[in-house]
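Asks: Next up is a structure, given as structure tokens.
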Amino acid sequence: MKKKNILCGIVLICGLTACYDLDKAPKGVLSTASPFSSTGEMTNYLDQFYESGLRSQGFDAGGGNHIAGSDTRSDNLASSSVNTRLAGEMALSHATALSNYKAIRNLNYLLLNLDNTSEKGTAAYNQCVGEAYYFRAWYYYRMFVDYGELTWIDKPLDPNIEAMLLPRDSRTVVADHILDDLDKAISLLRERNNSASMRVHKDVARALKSEVALFEATWEKYHKAEGDEFYDKSVTDEKIRDYFTQAAAAAEEVMKRGVWKVYNTGNTGNDYRQLFQTTDLSNNSEVLWFKKYDGDKVGNNVNRYLNQGGGSIGVTASLVDDYLTIDGKPFVGEQRVEAKKVFGNELLPTVRDPRLAQTVCTPGQQLRPDDAAPFYVVPPLIGSSSYNQNMTGYSLLKHVQIDYTGSLDAEFKGATPAIQFRYADVLLNYAELWPNWTEQRMRKR
């Protein structure tokens, strides 16, 4: 009898213990009672922004809005359809189109509930908070480029019309908030020496800060000089100089680390193209951050539309002419006339900047690894499908994976990488701001 009672007691204790364990929330799973109580939970929540909070790679017939086709319908890349904005055919915007505010609300929700975690001050916690500030700055920046004045919202709003009827803030106010978020991100994010983690780090935030500050500095300076309606009427010359200074400081912080270098194996005829078509750039010295596509679970259509020289787009003659000659001079005069007499001669690396022949197809260029139609001869100007239609006579080579072993023609089976920031971008920002920045520094002396 005693043994029976003891056995029953053990079973009862085990049952109560099991019930106690059932009251515990699974680690890393978002809790509605006390959200973001662990960094695992925060990291899982932040993963959603690595889908929409970056530049995606891809291509559609006629271009699209992804990296490879981002210049479509501009003076660099012609398309089979017109630019509706330049043609005056763009419909008026409406609030539902500003989908970035949904992501911003989700980030504000995370930032509002930071006190729920017991891991404050840890490296993992700081990384999570830094990512939140970075992505909020990113979403606002993308809208800022398109719309200028915006309503800055830094907390979740109550779901009623009165609470959401907020006026727009000025360009300067929005720009300052974006830069402030990036400063917070820089102070919290981890320092990295490569992009292997594929997560945001300090130099990524610095690179974005240099871009944002340079964008707003030049926007305000040149629109103010024109006296048009597009600049912030309250902005001062001192404020514009401050934006140039912030852009320079952010770029210099990346440069002074001495970690990143322009990709160079010594093969000037292939290195540039190789950078933009390599699937895994984790240890590439030039790439600060990229999104990896595996061509299976996560793929894109770059190869599908461009590996036959078509895509219903075409590199413009004006862009081709913009590339300098091999000795660094403008491509003009008799040299230009003679080179254009034979198709492809003007693109040759013996005549022009070697990057041109790695951006635009030259005769004899391989586009596919198979034996069906591997070499480029002339641009496919006519055809029944977008795959073999070229709009200008210059076919885009950049981003095409010519040695790709995956599916060549299936939907979303390509693996062209989506480079977010390169060291070359930082250097270019610094070079562009240098004349303005040095001018203002000289004035102070």
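The values are calculated or read from the model by the stated rules, or taken from the named source; none is laboratory data. Keep in mind that what you see is a predicted model, and the values were worked out from it rather than measured. Using ideal geometry, Cβ is built from the backbone for each residue, glycine included, and neighbour counts are taken over all protein chains shown.
Asks: Within 20 Å of the chain's Cα centre (by Cα), modelled with pLDDT under 95 and either more than 29 Å from V145 (Cα to Cα) or not acidic (D, E) (or both), is that true of N303?
Replies: For N303, the condition - within 20 Å of the chain's Cα centre (by Cα), modelled with pLDDT under 95 and either more than 29 Å from V145 (Cα to Cα) or not acidic (D, E) (or both) - is met.
Asks: Looking only at segment 150-187, count every residue that is farther than 13 Å from Y101 by Cα, of a type outside the set (A, V, I, L, M) and either touching a Phe, Trp or Tyr at 6+ places or on another chain (Cβ under 9 Å) or modelled with pLDDT of 95 or more (or both) and tell me the total.
Replies: Counting residues in segment 150-187 that are farther than 13 Å from Y101 by Cα, of a type outside the set (A, V, I, L, M) and either touching a Phe, Trp or Tyr at 6+ places or on another chain (Cβ under 9 Å) or modelled with pLDDT of 95 or more (or both) gives 12.
Asks: Quick check on my filter: what residues within segment 109-167 are over 30 Å from E229 (Cβ atoms) and hydroxyl-bearing (S, T, Y)?
Replies: Y109, T117, S118, T122, Y125, Y133, Y134
Asks: Same structure again: Name the residue that is surrounded by the fewest Cβ atoms within 10 Å (Cβ to Cβ), counting only residues in segment 110-137 that are among the small types (G, A, S) and over 11 Å from L46 (Cα atoms).
Replies: The residue in question is G121.
Asks: I'd like to know if segment 315-328 contains one or more residues that are of a type in the set (S, T, N, Q), more than 29 Å from G53 (Cβ to Cβ) and in contact (Cβ under 8 Å) with a residue 40 or more places away in the chain.
Replies: Yes, some residue in segment 315-328 is of a type in the set (S, T, N, Q), more than 29 Å from G53 (Cβ to Cβ) and in contact (Cβ under 8 Å) with a residue 40 or more places away in the chain.
Asks: Still on this model: If you check R336 against the conditions, is it without any contact (Cβ under 8 Å) to a residue 60 or more places away in the chain and touching a strand residue (DSSP E or B) at 6+ places or on another chain (Cβ under 7 Å)?
Replies: It is false that R336 is without any contact (Cβ under 8 Å) to a residue 60 or more places away in the chain and touching a strand residue (DSSP E or B) at 6+ places or on another chain (Cβ under 7 Å).
This table checks each residue for (1) in contact with a strand residue (DSSP E or B) (Cβ under 9 Å, 6 or more places away or on another chain); (2) surrounded by 17 or more Cβ atoms within 10 Å (Cβ to Cβ); (3) closer than 17 Å to F59 by Cα.
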| residue | (1), (2), (3) |
| --- | --- |
| W289 | yes, yes, no |
| R304 | yes, yes, yes |
| T316 | yes, yes, no |
| C361 | yes, yes, no |
| F375 | yes, no, no |
| Q389 | yes, yes, yes |
| Q401 | yes, yes, yes |
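Asks: Just to be sure I understand the filter: pairs with C-beta atoms under 6 Å, separated by 6 or more residues or on different chains, first member in segment 393-413 and free of Cβ contacts under 8 Å to residues at least 60 places away in the same chain and of a type in the set (D, E, K, R), second member surrounded by fewer than 20 Cβ atoms within 10 Å (Cβ to Cβ) and assigned to a loop (DSSP other than H, G, I, E, B). Which pairs pass?
Replies: D403/P369
Asks: So which residues in segment 110-158 are polar (S, T, N, Q) and in a loop (DSSP other than H, G, I, E, B), if there are any at all?
Replies: N113, T117, S118, T122, T151
Asks: Follow-up question, since we're still on this one. Taking the residues in segment 152-189 that are of a type in the set (A, V, I, L, M), surrounded by fewer than 19 Cβ atoms within 10 Å (Cβ to Cβ) and in contact (Cβ under 8 Å) with a residue 40 or more places away in the chain as candidates, determine which candidate is farthest from Q127 (Cα to Cα).
Replies: By that ranking, first place goes to L157.
Asks: Let me ask something else. Identify all residues within segment 380-402 that are more than 25 Å from the chain's Cα centre (by Cα) and assigned to a loop (DSSP other than H, G, I, E, B); write none if there are none.
Replies: The answer is P380, L381, I382, G383, S384, S385, Q389, M391, T392, G393, Y394.
Asks: Scan segment 244-268 for residues that are surrounded by 13 or more Cβ atoms within 10 Å (Cβ to Cβ) and more than 24 Å from S210 (Cβ to Cβ) and jot them down.
Replies: The one that is surrounded by 13 or more Cβ atoms within 10 Å (Cβ to Cβ) and more than 24 Å from S210 (Cβ to Cβ): T268.
Asks: For segment 114-145, name all the residues that are under 16 Å from the mean Cα position of the chain (by Cα) and of a type in the set (D, E).
Replies: Listed by number, the list holds a single entry, E131.
Asks: Only residues in segment 201-223 that are under 12 Å from F421 (Cβ atoms) and buried (at least 24 other Cβ atoms within 10 Å of the Cβ) count as the first member; pair them with residues that are modelled with pLDDT of 95 or more and among the hydroxyl-bearing types (S, T, Y), Cβ under 6 angstrom, at least 6 apart or cross-chain, and list the lot.
Replies: Taking only residues 6 or more apart or on different chains, the pairs are A205/Y134.
Asks: Quick check on P369: is it buried (at least 19 other Cβ atoms within 10 Å of the Cβ) and either closer than 30 Å to Y293 by Cβ or without any contact (Cβ under 8 Å) to a residue 60 or more places away in the chain (or both)?
Replies: It is false that P369 is buried (at least 19 other Cβ atoms within 10 Å of the Cβ) and either closer than 30 Å to Y293 by Cβ or without any contact (Cβ under 8 Å) to a residue 60 or more places away in the chain (or both).
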